[in-house]
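Notes to accompany the following structure.
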Amino acid sequence: MAVPGLSGSTGGVSPNNQYISKEDLNIISIQEKYAYPIDISYFVNNTCNLRCKHCYVAYGNSNNALDFSEWQNVFAQCIDLGARTFGNVGKEPTLSWPLTKKLLMYFKDKRILISDLRYGLVTNGTLLNKSKVSDLVECLPNYIDISLDGNKKTHDLIRGKGAFDKLIHNLKIVAETCLLSKIFIIYTINKATINAISEVLDIITDIGIQNILFSPYVTLNKNDELYLSDNQLCSLVGQIMENKIIDFKKYRNITIYLKNDYSTTLGTMNKLVEAKIIDLEKLHVDEYGVIFNKYNISNNTIIFNYVPFDNSYKQMIRFSHNGYVSNCYDMFFENYPERAIGNVREKSIREILEKRNVFKKEYAGCDFP
């Protein structure tokens, strides 16, 4: 996502970053410096063992999934176009473990030749076990995003009875390996979870986990019982920055990411800019094109990403399990295949993206093949 995607942390912000001026916060300037589409998320399947209240995936087809050779061809095309970040974000990768592992090993082999290539996965964590964790150690992903929605009460409310205990048990298994520093807790902020933030930090730091990403809950229904308005989210962030919700002195070297997205949380992001929490005069950009502000509070770090333009297709693309190409937002709709811009079984990635003018001359600062 580094941080800008709708799903996943993508391993956080790269340490290789530099200051970016307000004048350079436009699509032409940024695309002259970074090869796009650079950030790829994909669904290895469209099935899950949970029925989470806040799941955004609305289309129901779970058949006709791409096999390994098809994925290999898709990813090779993306790498040739400049892609360097790959995230297996759904629907639940552990339910297709042989394929998930094989794809992770594919990226591991590619990383030998492409040192800045990074890859990982998003999981609810309930189906992890010692065998799968051993496989993950072998695959050496750059990040493992594991969803935790508050304390036991709120997590089970959203994800089902018993989900919390299974998750914490499996988190401890992963934390006992060399992958501890690769774990990112993905915490969806909504009305049910806002009061458990401090408790969750206690839970994960006791395990040894130091990275957490707060992702605002996104819904098409503003009457949703979990929905938080832009004003409520902005107020919550302000209270966090003022030490009113988190006692930062209790922790050391934790990193909190607060995710913004142009398509789904633009209102909140703009209010954070108005409040100077996102400071346009102090932005940095990392080697993957992620724009962000960074704050240090009592030996801890808070990072806000900033997305100045709609980066769908130009910076980020999503593949469904059956080959449709879209942005993340399109998956909120039952007619997802109709909203997608193409299918990799019918055309090449370049041909599909050319329909959206991704390779216009005015964006031609990169050497695409």
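The values are calculated or read from the model by the stated rules, or taken from the named source; none is laboratory data. All of these numbers come straight from a predicted model, not from anything done at the bench. Cβ placement follows ideal geometry from the backbone for every residue including glycine, while neighbour counts extend to all protein chains displayed. SASA here: full protein model, heavy atoms, side chains in, ligands and nucleic acids out. Shrake-Rupley method; radii C 1.70, N 1.55, O 1.52, S 1.80 Å.
Below, the figures for the structure above:
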item: Ellipsoid equivalent to the stretch 132-200 - semi-axes via the Cα gyration tensor, in Å; result: 24, 13, 9
item: Whole-Hz ³J(HN,Hα) from phi, Karplus 6.51 cos²θ - 1.76 cosθ + 1.60, for the stretch 301-310, glycine and proline x; result: 10, 10, 10, 10, 8, 9, 10, x, 8, 5
item: Point-charge dipole on Cβ atoms (K/R +1, D/E -1) for the stretch 167-288, about Cα centre, debye to 20; result: 160 debye
item: Counting DSSP beta bridges with both ends in the chain, the antiparallel % (nearest 5); result: 30 percent
item: Segments 149-157, 190-198, 272-280 sorted - mean Cβ within 10 Å per residue, highest first; result: 149-157, 190-198, 272-280
item: Residue (of Thr85, Phe164, Leu136) at the positive-pole extreme of the stretch 72-186, dipole from beta-carbon charges; result: Phe164
item: Net charge dipole size for the chain [Lys, Arg +1 and Asp, Glu -1 on Cβ; Debye, nearest 20]; result: 560 debye
item: Per-residue [θ]222 nm for the chain (sum of -39500 (n - 2.57) over DSSP H runs n ≥ 4, rounded to 500); result: -8500 deg cm²/dmol
item: Simple Cβ-charge dipole of the stretch 104-253, Lys/Arg +1 and Asp/Glu -1, about Cα centre, in debye nearest 20; result: 200 debye
item: Accessible surface, per residue, of the chain when the full set of protein chains is kept, probe 1.4 Å, Å²; result: 42 Å²
item: Built amide H within the under 5 Å cut-off of Ile297, gap 5+; result: Ile302
item: Among Phe68, His155, His321 the positive-end extreme of the charge dipole of the chain (Cβ point charges); result: His155
item: Whether the stretch 31-126 is rounded, prolate or oblate, judged on the alpha carbon gyration tensor where a/c under 1.5 counts as rounded; result: prolate
item: Residue-by-residue Karplus 3J(HN,Hα) for the stretch 230-242, coefficients 6.51, -1.76, 1.60, Hz, glycine and proline x; result: 4, 5, 5, 5, 5, 5, 4, 5, x, 5, 5, 5, 8
item: Radius ratio Rg over Rh of the stretch 212-369, counting only Cα atoms, Kirkwood formula for Rh; result: 1.03
item: Per-residue SASA entry for Arg350, accessible area with 1.4 Å probe, Å² rounded to 10; result: 60 Å²
item: From phi via Karplus (6.51, -1.76, 1.60), per-residue ³J(HN,Hα) for the stretch 277-293 in Hz, x at Gly/Pro; result: 6, 8, 9, 5, 8, 10, 7, 10, 9, 8, 5, 9, x, 7, 9, 7, 10
item: Peptides ranked, highest mean first, by Cβ atoms within 10 Å: ranges 77-83, 110-116, 128-134; result: 77-83, 128-134, 110-116
item: Extreme residue, positive dipole direction of the stretch 208-358, given options Asn299, Ile240, Asn223 (C-beta unit charges); result: Asn299
item: Accessible carbon and sulfur surface of the chain relative to its total accessible area, %, 1.4 Å; result: 45 percent
item: Pairwise label distance in nanometres, Asp24 with Lys276, each label 7 Å out on the Cα-Cβ vector; result: 2.4 nm
